Amino acid sequence: TAPMLDLGRLKHLVRARHACIRIVTDDEPRAYEIAYEAAETAELALFRWSVLEGLRDGVLADSEAVEGTQDPATALLAVRKSNPTPCVLVTLDLTPHLDDARVLRAWRELVEHFRRVGGCMVMIDYRESVAPIVATMSTVLRPSLPNDEEIEAVVRQTLRAQNRQKPLKVSLNKQDTASLLHTLRGLTARQIQQVTLDAVADDRELTVGDLDDIIKAKRGLLQAEGLLEFVDAPISLDDIGGLNSLKTWLARRSKSFSPEAIDFGLTPPRGMLLLGVQGAGKSLSAKAVATGWKRPLLRLDPCVLYDKFVGESERRLRDALRQADAMAPLVLWIDEIEKAFASAAAQSTDGGLSQRMFGTFLTWLQEHRSSVFVVATANTIEALPPELLRKGRFDEVFFVDLPSPTARLQIFKVHITRRKRDPSALDLPTLVEATHGYSGAEIEQAVVSELHTAFDAGRDLTTQGLLEAIKGSPPLSVTMAESIEQLRDWARTRCVPAD
């Protein structure tokens, strides 16, 4: 059966006499299914058109196409002339043909015909970008991703179909089934079907042992789309030196997502913005939040959102946010957020694209109800639109400065211990003093550099070797002193210190 939410929305649009409805999706069979059921419910005749088959009956699978209607203009004209009463016409990939003046003329006349007599055209297309007149005369319906009930239905249907071909065994208890449904969130019905088929293809069995393979398959599908990237997050907050204020803030809110907290009157936190010096621990903090709260970490790379086709960049952003909502609870990490919306802070040079994408993101940030916690990081404030820093967008805006002496001591201990060495064997106070103005990343690099030198010389890690590695690599605070000081001045009265 068709997904109830999308079917209900389409039925409403048909009842409300929307003459043209565009369904933008990669999952054509699912979209056609809801169009079929909507037409059946409205008791309207259903026709189907594609450039290969032409125009034919949309209900009978073996119906013959009307001769000569592979040409889209001819097909649209035929529907208008032969159907004086309301009907539903489903077109597949019609959008590219609307660049032809003849086809566009036929399309406009058919839409006006439906507006007068009733019925509608349902355009199922993989691309959202259309001419302005098409956008004005049509309504977009963006399919939702399957919920848990729909995911279970797809899995069951897939397994039953496979079992009819060759018997298979399902060994999942109630808890295992819940884990499976949670794992499949964020995928389309077609992707869920394929992942399920992959899991049972070899041994004809679905067990709890297949969950790891399903997770890997899901990651592969999401990586292929290029919008969201799964990030392994083995880092804990204890592995990060300093940032004590940030750690306290996160610890106090770790239970805010529970039903008890909501009953108490708390609203689950939406996210935080980490602004600060490069290498000071912003990215590590995003990973640590996911680990500490036992949530998956997904990274949204702003650079992959931009597409050369008009309207596609906004669609990619909406799809990424919609996918994050469907996969909740999770931590969504937007690294260097200024890259995504740089032009939105100044006079636009991209035709308003950055402003539109920024508006889409702000609306979602303000209105989304899913358990998605956003961790956004930024290195500069000049490129950030002021609206992003307004109170209420994020729960808190933290400034991550260069580490203090106490934090540098912790950082040395973490990186030396991680390399299987005893920190007490080194003169840590001297090292801490020598790294004034160094970031955590620069301290780590000094340890790594000395390890390479020590290995090549056939000796162990030494304080003197570390001091030489530190001296040989001037910190960013020296090479970019003015910009860092400017950033500190700005953050002093506008951000909460992370440490």
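The values are calculated or read from the model by the stated rules, or taken from the named source; none is laboratory data. The shown structure was predicted, so the numbers you read here are calculated from the model rather than taken from an experiment. We place every Cβ from the backbone using ideal geometry, glycine too, and count neighbours over all the protein chains shown. Keep in mind that these areas ignore ligands, DNA and RNA; they rest on the heavy atoms of the full protein, side chains included. Shrake-Rupley method; radii C 1.70, N 1.55, O 1.52, S 1.80 Å.
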Report summary line: When Glu433 is run through (1) free of Cβ contacts under 8 Å to residues at least 24 places away in the same chain; (2) open to solvent by 70 Å² or more (accessible area, probe 1.4 Å); (3) more than 25 Å from Ser285 (Cβ to Cβ), the failure sits at (1)
Report summary line: Residue count, segment 460-484, condition without any contact (Cβ under 8 Å) to a residue 40 or more places away in the chain and open to solvent by 80 Å² or more (accessible area, probe 1.4 Å), comes to 8
Report summary line: Note on segment 22-81: residues in contact (Cβ under 8 Å) with a residue 60 or more places away in the chain, touching a strand residue (DSSP E or B) at 6+ places or on another chain (Cβ under 8 Å) and open to solvent by 50 Å² or more (accessible area, probe 1.4 Å) are Glu28
Requested in this report: Filter segment 85-136 down to residues that are assigned to a helix (DSSP H, G or I) and acidic (Asp, Glu), then give me how many there are.
Outcome: 3
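For segment 377-396, enumerate the residues that are over 22 Å from the mean Cα position of the chain (by Cα) and aliphatic (A, V, I, L, M).
Matches in segment 377-396: Ile381, Ala383.
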**Report entry** Residue tally, condition in contact with a Leu (Cβ under 9 Å, 6 or more places away or on another chain) and modelled with pLDDT under 85, over segment 442-487
**Finding:** 5
Report summary line: For helices (runs of 4 or more DSSP H) lying entirely in segment 190-280, having 3 or more residues that are surrounded by 14 or more Cβ atoms within 10 Å (Cβ to Cβ) picks out 211-225, 244-253
Query raised in the report: Just to be sure, is Phe373 at pLDDT 85 or above and over 29 Å from Glu468 (Cβ atoms)?
Result: yes
Query raised in the report: Is at least one residue of segment 303-313 surrounded by fewer than 21 Cβ atoms within 10 Å (Cβ to Cβ), out of contact with any Leu (no Cβ under 6 Å at 6 or more places or on another chain), at pLDDT 80 or above and among the acidic types (Asp, Glu)?
Result: no
Requested in this report: Could you please tell me which pairs satisfy a Cβ distance under 6 Å, a separation of 6+ or placement on different chains, a first residue in segment 319-339 that is within 26 Å of Thr25 (Cα to Cα), and a second residue that is assigned to a helix (DSSP H, G or I)?
Outcome: Leu321/Trp364; Val331/Val289; Val331/Ala290; Leu332/Ala324; Trp333/Ala286
Report task. Would you confirm whether any residue within segment 100-107 is among the acidic types (Asp, Glu), in contact with a Phe, Trp or Tyr (Cβ under 9 Å, 6 or more places away or on another chain) and either surrounded by fewer than 16 Cβ atoms within 10 Å (Cβ to Cβ) or under 26 Å from Leu7 (Cβ atoms) (or both)? Result -> no
Query raised in the report: Can you spot a residue in segment 430-441 that is touching a helix residue (DSSP H, G or I) at 6+ places or on another chain (Cβ under 7 Å) and closer than 30 Å to Pro268 by Cβ?
Result: yes
Query raised in the report: Within segment 359-375, is there a residue that is in contact (Cβ under 8 Å) with a residue 60 or more places away in the chain, polar (S, T, N, Q) and in contact with a Leu (Cβ under 7 Å, 6 or more places away or on another chain)?
Result: no
Query - Top-ranked residue in segment 114-147 [being crowded, with 19+ Cβ neighbours inside 10 Å and of a type in the set (D, E, K, R); ranked as modelled with the highest pLDDT] - result: Asp125
Requested in this report: Could you please give the count of residues in segment 230-267 that are among the small types (Gly, Ala, Ser) and over 25 Å from the mean Cα position of the chain (by Cα)?
Outcome: 6
Query raised in the report: Taking segment 443-466, which residues are under 29 Å from Asn379 (Cα atoms) and touching a helix residue (DSSP H, G or I) at 6+ places or on another chain (Cβ under 7 Å)?
Result: Ile443, Glu444, Ala446, Val447, Ser449, Glu450, Leu466
Report summary line: Checked against (1) at negative phi; (2) at pLDDT 90 or above, Gly68 satisfies every condition except (1)
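Can you pull out every residue in segment 254-291 that is without any contact (Cβ under 8 Å) to a residue 60 or more places away in the chain and closer than 27 Å to Leu487 by Cβ?
Once the filter is applied, which keeps residues that are without any contact (Cβ under 8 Å) to a residue 60 or more places away in the chain and closer than 27 Å to Leu487 by Cβ, segment 254-291 yields Lys287, Ala288, Ala290.
Being aliphatic (A, V, I, L, M) and open to solvent by less than 40 Å² (accessible area, probe 1.4 Å) is the filter here, so list the residues in segment 390-410 that pass it.
Val397, Val400, Leu402, Ala407
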